[in-house]
1. What is the percent of Cα-Cα separations in the range 398-493 that go past 22 Å?
2. In whole Å, what is the distance between the alpha-carbon centres of the range 613-647 and the range 202-265?
3. Please give me the summed charge of the neighbours of Ser51: other residues whose Cβ is under 9 Å from its Cβ, Lys and Arg +1, Asp and Glu -1.
4. Please turn the phi angles of the range 154-165 into ³J(HN,Hα) values with the Karplus equation 6.51 cos²θ - 1.76 cosθ + 1.60 (θ = phi - 60°), one per residue in order, whole Hz, x for glycine and proline.
5. Could you sort out which of Lys460/Lys528; Lys309/Lys460; Lys399/Lys442; Lys280/Lys528; Lys399/Lys460; Lys309/Lys528 sit more than 22 Å apart by Cα distance in this structure?
6. With a length cut of 15 Å (Cα positions projected on each helix's long axis) and a Kyte-Doolittle mean of at least 1.0, go through the chain and give me the DSSP H helices that pass.
7. Okay, helix-only estimate at 222 nm for the chain: each DSSP H run of n ≥ 4 adds -39500 (n - 2.57), divide by all residues, round to 500 deg cm²/dmol; what do you get?
8. With a Förster radius of 51 Å, plug the Cβ-Cβ distance of Thr644 and Glu551 into 1/(1 + (r/R0)^6) and report the FRET value to the nearest 0.05.
Amino acid sequence: MKHLFTIIILAAALLASCSNPQVSSPDGRVTLSLTTDSAGQIYYQVDVDDSTFIAPSRLGLTARDANLASGFTIRDVRHSSSDSVWHQPWGENKEIRDRHNAMTVSLDNSDGVGLTLSFKLFDDGLGFRYSYTVPGADSIIVTDELTQFAIADSAVSWSIPANFDTYELEYREMPLAAVATANTPMTFKTRRGTYASIHEAALTDYPEMTLRCTAPGVFKADLAPWPDGVKARYAGDRVVTPWRSVQIAREAVGLINSPLILNLNDPCVIDSTEWIRPMKYVGIWWGLHLGVETWQNDERHGATTENAKRYIDFAADNNIEGVVFEGWNSGWESWGGRQSFDFTKAYDDFDVTEVVNYARQRGVQIISHHETGANIPNYERQLEHAYAWCDSLGIHYVKTGYAGGIPGGHFRHGQYAVRHYRSVVQTAARHEVSLDVHEPIKDTGIRRTYPNMMTREGAKGMEWNAWSSGNTPAHEVTLPFTRLLSGPMDYTPGTFDILYTKTRHDPRRRKWNDLDRGDSRVNTTLAKQIANWVILYSPLQMASDMIENYEGHPAFQFFRDFDADCDWSRALQGEPGQFIAVVRRAGDRYFLGASTGYEARTLTIPLDFLESGRTYDATIYADGEDADWRDNPTSYRIDRRQVTAADTLTVVMARGGGQAVTFIPAE
C-alpha cells in the first residue's frame with residue numbers, strides 16, 4: 001500500500017510537471033518554467049530572486065515543408081542534477097566545476113514532428129537548446145528561429161550592432177530599450193542590479209545568432225543566412241541547435257568568473273593534449289600595420305630570413321616561446337584581387353628550412369601564418385596538405401586570417417563559414433596544430449571540445465591603433481565584460497612606443513590603409529599596456545610592438561616574468577567601460593592587472609588571493625604621478641616591496657591608465 005501511494009504521488013507530480021514544467025538552479029535563485037498556449041506554441045519564463053527576469057518568451061524554429069513552430073503538446077518531462085569537476089589542458093582556470101539542474105522536455109505536434117528541449121540551470125545562469133526530428137524527411141531547410149528574450153526590467157547595456165561579417169565594431173553603452181540590433185555576447189545591468197549576458201554555446205553546424213529588437217526590451221534571434229535567404233540546411237531528418245545562454249550575476253565580475261559557456265560544450269575529443277601548450281610570442285607584424293614594412297616581397301618586405309632570425313634571437317633571449325611571421329608566403333602580391341595564397345610556398349627571401357632549423361636550435365616555436373583573404377574554397381583545396389606540411393616541419397601553431405569577402409555571396413558568420421571553421425579546427429587537430437583565428441566566427445566555448453582552438457580575434461584589436469583613430473580608453477575595460485565572456489581574445493596588447501615617435505618619420509613608412517589620417521596612436525598609458533597582458537586573456541599572448549622598442553626597456557621585464565599558462569584566475573573588481581582588476585596564478589607566481597577608462601581611479605585590493613603564510617616579492621608597474629593617456633602616456637614607475645596575503649594593495653591609475661604587478665615567492 002505504501003509503494004502504491006508513492007507511485008500515485010510520483011504520477012501526479014509528473015502530470016503537474018508536464019502541464020507546467022519547471023526547473024531551478026542548485027541555489028534556487030534562478031527558475032525557468034515552460035508553457036504552451038492553445039495553438040501549441042511554446043514559451044519559457046525565467047525568474048531571478050522571485051522576480052520576473054525574462055517574461056514569457058517564444059521558443060521554436062520555422063522550416064520549409066515542416067511545422068517546427070506550433071501544435072505541440074508535452075509528452076514527457078525528465079529532471080536530473082549534476083555536480084562534477086573536470087579539467088582542461090589550459091584556460092583561465094584549469095579546474096572547472098559543473099553544477100547544474102537539468103530538465104529535458106519531449107514534445108510532439110500534430111504533424112508528427114518530435115522536439116526535445118534541453119534546459120540546464122546553473123547558479124550563474126542557464127542554457128537551452130532544440131533537437132528536432134522530422135520523420136521521413138530527407139532534408140530540413142530552416143527558415144527562421146523564433147527564440148525570444150523578453151527582458152522584464154529596464155536596463156543599461158553594452159554591445160556592438162549585429163553584423164554578419166564583422167565583430168570589429170565599437171561597443172556602445174546605451175539603454176537596453178534603445179538597442180535595435182546586437183551581436184552576442186550582449187551584456188546588460190537591470191534596474192534591480194542584476195547583471196546578465198546573452199550569448200550562445202557549442203556553435204558547430206548552424207549560423208551565428210544575433211539579436212533583433214521587436215519591442216522595447218524584447219529581442220528575437222536573428223540568424224546569418226545563406227545567399228538564398230535560407231538560415232540553415234541539413235541532410236536527413238534531424239536538427240540540433242547550439243545552446244542559447246544567459247549568464248546571470250549579482251556583480252559585473254561574476255560574469256567574467258562564470259564557466260557557464262564552457263560547461264555547455266561537449267568534453268574534449270582529442271585523445272592526447274600534451275602538445276597543446278600556451279605560450280608568449282612576438283613577431284613580424286606591428287611594423288606591417290605601421291607601414292614601415294610590407295607583407296609582399298618588395299624592398300620593404302618584413303618576413304625575410306634575416307629578420308626572422310633576429311626575432312627568434314630576441315624571443316630566445318627574453319623567455320618568450322614563440323614567433324609569428326606575417327607575409328612569409330606567396331600570394332600577397334595579389335591582395336585586393338583574387339587573393340590566392342599558397343600556404344606551403346615561401347617568398348624567395350624567406351628560407352623556411354633555415355628559419356625552422358634555427359628556431360629549433362634556439363628552442364623557439366614558429367607560428368605559421370595563413371591569411372586566406374576569405375577565399376575559403378582556395379584554403380580548403382590546400383587545407384590537408386598545408387597542415388601536413390606544418391606537421392612535417394615541426395610547426396605546431398598556425399595563425400589564420402579571413403580579411404575580405406567570401407566568394408559566392410556567403411556571410412562570414414553563416415552556416416557555410418561555421419562549417420569551414422570547424423573543418424579547419426579538426427584538420428589542425430589531426431596534425432597536432434593549435435590555432436589563433438583572426439576574422440573568426442565568434443567563440444562559443446568549443447575550446448573545451450577542441451583545445452587546439454586556442455584563441456581568436458573577433459573584436460577591434462590593437463591593430464586599429466596603428467592606422468585609425470584607434471580604440472578608446474573605455475574599449476579595453478569593456479571587452480572583459482562583453483567579447484571576452486565568450487572566450488580568449490588575441491587582442492595583441494603591449495605596444496610601448498605609444499605615440500610612434502620611432503616610426504612616425506621613418507623614411508620607409510608608407511600609408512597603406514584609408515583610415516590612416518597620419519595621427520594614429522595608442523589611447524592608453526604604458527602601464528595599461530602592461531596590465532592588458534593579464535586582463536585581456538589569451539593562452540597565446542603577444543607582445544605586439546616591434547622588438548627594438550622593447551630592447552633595454554626596464555618595463556619589459558614584466559613580460560619576461562609573465563607566464564601565459566595560468567592555472568587559476570579571478571576577476572576581482574570592475575564595472576563595464578569603467579575599470580577592471582584581474583589576478584591570475586601560474587604555478588606559484590601571481591600576476592595582477594588593473595586598468596581604468598576615461599577617469600583616473602584608485603582601487604583598494606586585498607591580497608588574500610596569495611598563498612597564506614608565504615612572503616612575495618611584488619614588482620609594481622604603475623602610472624607615473626604625471627601620467628595621462630592623452631598628454632603624457634609613457635610616464636611610468638616601477639616599485640618593489642614584499643607582501644603577504646594579509647596585506648592590501650592600493651592601485652592608483654591615471655586617466656586611461658593601469659597597473660600590473662608580479663608576485664614571486666621570496667627566497
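The values are calculated or read from the model by the stated rules, or taken from the named source; none is laboratory data. Just so we're clear, the structure is a prediction, and the values are computed from it rather than from any experiment. Cβ sites come from the backbone with ideal geometry, for glycine too, and all protein chains shown count toward neighbours. Heads up: the accessible areas ignore ligands, DNA and RNA and are worked out on the full protein's heavy atoms, side chains in. Shrake-Rupley method; radii C 1.70, N 1.55, O 1.52, S 1.80 Å.
1. Considering the range 398-493, 33 percent of its Cα-Cα pairs are separated by more than 22 Å.
2. If you average the Cα positions of each part, the centres end up 41 Å apart.
3. After counting each charged neighbour, the total is -3.
4. For the range 154-165, the Karplus curve yields 5, 7, 9, 10, 9, 6, 10, x, 5, 7, 7, 10 Hz.
5. Lys309/Lys460; Lys309/Lys528
6. 2-19
7. -4500 deg cm²/dmol
8. Using R0 = 51 Å, I get an efficiency of 0.90.
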